[in-house]
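Structure first, then comments.
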Amino acid sequence: MSNGDQLPDRALDILFGPGEEARKTLIRAWLDEGINAMSPSNETAQMTVRDALHKRLEWNNPVLDKLPEAYALLATPSGILPPLGVKNIVEHPAKVAHRACRLANQNASGTSWYTQRAAIATIYAAAELHQLTSPATATRFLDGLLEANDRASNAASDVLTFGNYIGRSWLAIARSKGLLP
């Protein structure tokens, strides 16, 4: 086969899947490569979630005009049901969030592992959607969302600390009144 020859459609179908599956395979490979590109250029450099998400948004810049069509194609299911491929819509930001947390050495456990990644995935998805309409302000938008998330996390922690303090105080009062052993 010479350089100018194209692969027959049957060969492409076997390699990448029939119909639109070849395009979906290419888009998924590009998305995965973007996740790999989030890594720092210097292996010893410490990276934050913010840094990782900024790098991922930068990865989108050369193809911003193609992303809406690519995401629409990924959201289109291969079969008849369901009408939208919800897994494909949620999977990309979830993978980005997981990679960002790993790069930043955020090793939460239990439910905080899930809530942390869910919050970051939601923030990243919103920033990426914002990037499609306003590329110049996407990183500031992302930073604002991350700061709001940090404030909300700190406020929740403060509420838990205060609740713990109140609970211990009530227990101490109940014990002093002889209501509890």
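Quick note: the coordinates plus some simple rules give every number you see, no bench work behind them. If you're wondering where the values come from, they're calculated on a predicted model, not measured in any experiment. Positions of Cβ are generated from backbone atoms using ideal geometry, with glycine treated the same way; all protein chains shown enter the neighbour counts.
For residue 145, what is the net charge nearby, where nearby means another residue's Cβ is under 13 Å from its Cβ and Lys, Arg count +1, Asp, Glu -1? Combined, the nearby Lys, Arg, Asp and Glu give -1. Extension gain for the segment residue 43 to residue 30, taken as residue separation times 0.36 nm less the Cα-Cα distance, is 2.4 nm to one decimal.
Our summary gives the chain a relative contact order of 18 percent, counting only alpha carbon pairs under 8 angstrom and 6 or more residues apart. Ignoring lysines fewer than eight residues from residue 66 along the same chain, the ones with Cα atoms less than 16 angstrom from its Cα are 24. In plain terms, the chain from residue 87 to residue 11 could stretch by 24.6 nm, reckoned as 0.36 nm per residue minus the Cα-Cα distance. Within the shell defined by Cβ-Cβ distances under 15 Å, the residues around residue 132 carry a net charge of -2, with Lys and Arg each +1 and Asp and Glu each -1.
Counting only Cα atoms, the chain measures 91, 40, 32 Å along its principal axes, largest extent leading.
Under a 10 Å cutoff between Cα atoms, tell me which one of 158, 32, 143 has the largest fluctuation in the Gaussian network model of the chain. The residue that fluctuates most here is 158. Over the Cα atoms of segment 24-75, what is the Rg over Rh ratio if Rh follows Kirkwood? Using Cα coordinates only, the ratio equals 1.04.
Within the listed set 93, 62, 135, the Gaussian network model of the chain (springs between alpha-carbon atoms below 10 Å) gives the highest mean-square fluctuation for 62.
For the residues 114, 124, 165, a GNM of the chain with alpha-carbon springs under 10 Å puts the largest fluctuation on 165. Strictly greater than 24 Å: what percent of every Cα pair in segment 87-181 meets that? Of the Cα pairs, 42 percent sit more than 24 Å apart. What are the membrane-span-like helices in the chain by this rule: whole DSSP H runs, Cα extent along the axis at least 15 Å, mean Kyte-Doolittle hydropathy at least -0.5? Span-like helices here: 86-103, 111-133, 138-176. Look at the alpha carbon pairs under 8 Å that are at least 6 residues apart: their mean separation over the length of segment 89-181 gives a relative contact order of 20 percent.
For the chain, adding -39500 (n - 2.57) for each run of n ≥ 4 DSSP H residues and dividing by the number of residues yields -23500 deg cm²/dmol at 222 nm.
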